[in-house]
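Taking it in order: structure first as C-alpha cells, then the write-up.
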Amino acid sequence: MKTTYKRPTTSSGDLRTPIAFYRMTENEGIEPGEMPTKPLFECLGQAYAPSNKDNAILETHGVKRGVTVKIRDTRGGFFPKNNDGAVIDDYRYQNVHGENIVWNVVDVRPDFEDDRFIVVVLGESE
C-alpha cells in the first residue's frame, strides 16, 4: 500500500500567540539605536523555531537569535516592512528581566504553500 505525504496545515486554532508590529524610530537623546513608537498592527500568529532557510537569512544579517512567525494575510491591509519591529507577547520570548523582546523584522514573504498566511522572520540584533 502506497502512502502519500500530506503537508501539515495551519488553522485558526494554531494562531494563538499575540504579536504586535511597530514602526521603529531613532532614539531621542544621546543613546544610539531604535525604539518602537508607533503601533501599526496587532494580530494572533504562530511562532516557531526558524527553518534552515530562515537561519541562513538571519546569519547574513548578523542576528544572534531569531524566531519565525506566521500571521494571517490581510490582503493589502498590512504587510510588515524590514524597518518595522515586533513584540511577541509570550513569556518564552522575554529577556532575563522579564520584559518583552523587541524583534526586528528581517524578512517577510508570502506563504506559497498556503496563500492565507504571511511568514515573517524576526531577529534580535547583537
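When Arg72 is evaluated against the numbered criteria (1) within 18 Å of Gly123 (Cβ to Cβ); (2) open to solvent by 80 Å² or more (accessible area, probe 1.4 Å), which criterion, by number, is the only one it fails? Arg72 satisfies all of (1) within 18 Å of Gly123 (Cβ to Cβ); (2) open to solvent by 80 Å² or more (accessible area, probe 1.4 Å) except (1). Residues in segment 83-126 that are among the aliphatic types (A, V, I, L, M), open to solvent by 60 Å² or more (accessible area, probe 1.4 Å) and within 18 Å of Leu44 (Cα to Cα): none.
Of all residues assigned to segment 21-41, at least one qualifies as being of a type in the set (Lys, Arg), surrounded by 14 or more Cβ atoms within 10 Å (Cβ to Cβ) and at pLDDT 85 or above. None of Phe117, Phe41 is out of contact with any helix residue (DSSP H, G or I) (no Cβ under 6 Å at 6 or more places or on another chain) and free of Cβ contacts under 8 Å to residues at least 60 places away in the same chain except Phe41. Of the residues Ala47, Ala86, which single one is touching a residue at least 60 places away in the same chain (Cβ under 8 Å) and under 13 Å from the mean Cα position of the chain (by Cα)? Going through Ala47, Ala86 in turn, the sole match is Ala86. One residue is enough: does segment 57-64 have a residue meeting the conditions open to solvent by 50 Å² or more (accessible area, probe 1.4 Å), modelled with pLDDT of 90 or more, closer than 17 Å to Val106 by Cβ and part of a helix (DSSP H, G or I)? Checking segment 57-64: at least one residue is open to solvent by 50 Å² or more (accessible area, probe 1.4 Å), modelled with pLDDT of 90 or more, closer than 17 Å to Val106 by Cβ and part of a helix (DSSP H, G or I).
The values are calculated or read from the model by the stated rules, or taken from the named source; none is laboratory data. All values reported here derive from a predicted model rather than from experimental measurement. Positions of Cβ are backbone-derived with ideal geometry, glycine not excepted, and every protein chain shown enters the neighbour counts. Ligands, DNA and RNA are excluded from the accessible area calculation, which covers all protein heavy atoms including side chains. Shrake-Rupley method; radii C 1.70, N 1.55, O 1.52, S 1.80 Å.
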